[in-house]
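> This structure is in structure tokens; I'll ask about it shortly.
The values are calculated or read from the model by the stated rules, or taken from the named source; none is laboratory data. Everything numeric here is computed off the predicted structure, so don't read it as measured data. Using ideal geometry, Cβ is built from the backbone for each residue, glycine included, and neighbour counts are taken over all protein chains shown. When the accessible area is computed, the model is the full protein with side chains, heavy atoms only, and any ligands, DNA or RNA have been set aside. Shrake-Rupley method; radii C 1.70, N 1.55, O 1.52, S 1.80 Å.
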Amino acid sequence: MRKNIVAGNWKMNTNLEEGILLAKEINALVAKGINDPKTGVIIAPPFTHLHAINQVIDNDKICLASQNCATDEKGAFTGEVSVKILKSVGVKAVILGHSERRSYYGEVNETLLKKLNIVLENEMKPIFCCGEVLAEREASKHFKVVKEQIENVLFSLSAEVFKKVVIAYEPVWAIGTGKTASSEQAQEMHAFIRTLIAEKYGSEVALDITILYGGSCKASNAKELFSKPDVDGGLIGGASLVADEFMGIVNAF
Ligand code: PEP
């Protein structure tokens, strides 16, 4: 049975002191107990905070993730951070292909394929983001766009390896805009993604893959979104920066 997950993407927010405080607050709330103890809780702070935050969280209850990684394992790549370095500070999951990385830093399928493979080779969990921009939805191209993003990167994997991937559907028009996709829109796309997976790898694999929704998800709308059968949790931006709000989303399950 697939796992429900709520993952916080802190983006370029919090200084070290604020980040440690936020992690401690989340840790304390998780330690008190969450509604469904099987829900996976992930936090993705900035690179500079990872080592320190790893010291203050219960690693059995909170999974530490990074927001990105380098395409290569080591060497002359000034300013980059490799999965090996990330692993050495306790990182277990990596967000890949966030729309901000695609649009501001030119990450294309080829880049993402390299990152995906390196993350998996190092036994870390990729959280692969996909999603259409507003113009694509308005032109009814959203299914085509998401299909291509998934097929061109994830479908190069064998079924055995593909099973380790978490997918996050994040309609770009809903990210940081306060404009959440309706639960019907989220369900429609998640079901579509699951069908694509079933066609490629079979229904057993498709039923096992966690598909998160991302885009202005908050404590007040999480329950409705997560009530849909193919929505297995959320990738949360803004609302992950306030411990109570983030935990309100975790406890929506
Ligand atoms: C995100 O950036 O992954 C995201 C979903 O952001 P927000 O929740 O702020 O829309």
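> With a point put 7 Å past each Cα toward its Cβ, work out how far Glu224 is from Leu16 in nm, to one decimal.
If labels sit at Glu224 and Leu16, their model points lie 4.2 nm apart.
> Looking at the stretch 4-250, I'd like the Rg to Rh ratio, where Rg is from alpha-carbon atoms and Rh is Kirkwood's inverse mean 1/r. Please report the intermediate quantities before stating the final value.
Values: Rg = 16.9 Å, Rh = 18.0 Å.
Rounded to two decimals, Rg/Rh equals 0.94.
> Indicate the gyration tensor shape class of the stretch 1-144 (rounded, prolate or oblate), computed on the Cα atoms with a ≥ b ≥ c the square roots of the eigenvalues: a/c under 1.5 is rounded; otherwise a/b larger than b/c is prolate and the rest oblate.
Oblate, since a/c reaches 1.5 and b/c is not below a/b.
> Return the subset of Lys74/Lys218; Lys84/Lys141; Lys38/Lys223 for which the Cα-Cα distance in this structure is over 27 Å, preserving the input order. Provide the component values of the computation, followed by the final result.
Numbers: Lys74/Lys218 38 Å; Lys84/Lys141 38 Å; Lys38/Lys223 16 Å.
Over 27 Å apart, Cα to Cα: Lys74/Lys218; Lys84/Lys141.
> Right, another one. Placing +1 at every Lys and Arg Cβ and -1 at every Asp and Glu Cβ, with all other atoms neutral, what dipole size does the stretch 4-250 have around its Cα centre, in debye to the nearest 20?
Value, rounded to 20: 140 debye.
> Under the Karplus relation 6.51 cos²θ - 1.76 cosθ + 1.60, θ = phi - 60°, what is the ordered set of whole-Hz ³J(HN,Hα) values for the stretch 52-65, x standing for Gly and Pro?
5, 5, 4, 7, 10, 10, 7, 5, 7, 10, 10, 9, 8, 10
> Please list, ordered by chain and number, the residues whose modelled amide H lies under 5 Å from the amide H of Cys63; skip anything fewer than 5 residues away on the same chain.
Counting only residues 5 or more places away or on other chains, the set is Val41, Ile42, Ile43.
> Using the Karplus equation 6.51 cos²θ - 1.76 cosθ + 1.60 (θ = phi - 60°), what ³J(HN,Hα) coupling, rounded to whole Hz, does each residue of the stretch 44-51 give in order, writing x for Gly and Pro?
Karplus values, whole Hz, x for Gly and Pro: 10, x, x, 3, 5, 9, 4, 4.
> Between Gln187, Gln55, Gln149, which gets the highest mean-square fluctuation from a Gaussian network model of the chain, Cα cutoff 10 Å?
Looking only at Gln187, Gln55, Gln149, the biggest GNM fluctuation is shown by Gln55.
> With the full set of protein chains in place, find how many percent of the accessible area of the chain is carbon and sulfur; take the probe as 1.4 Å.
On the chain, the fraction of accessible area on carbon and sulfur atoms equals 53 percent.
> Using alpha-carbon positions, what is the distance between the centroids of the stretch 111-168 and the stretch 190-253, in Å?
Each part's Cα centre sits 15 Å from the other's.
> Give the cross-link partners of Lys228 among the aspartates and glutamates, using a straight C-alpha distance below 13 Å as the criterion and excluding same-chain residues fewer than 8 apart.
Glu184, Glu188
> May I pose another question? Report ³J(HN,Hα) in whole Hz for each residue of the stretch 107-115, in order, from the Karplus equation J = 6.51 cos²θ - 1.76 cosθ + 1.60 where θ = phi - 60°; Gly and Pro get x.
6, 10, 3, 4, 4, 5, 5, 5, 5
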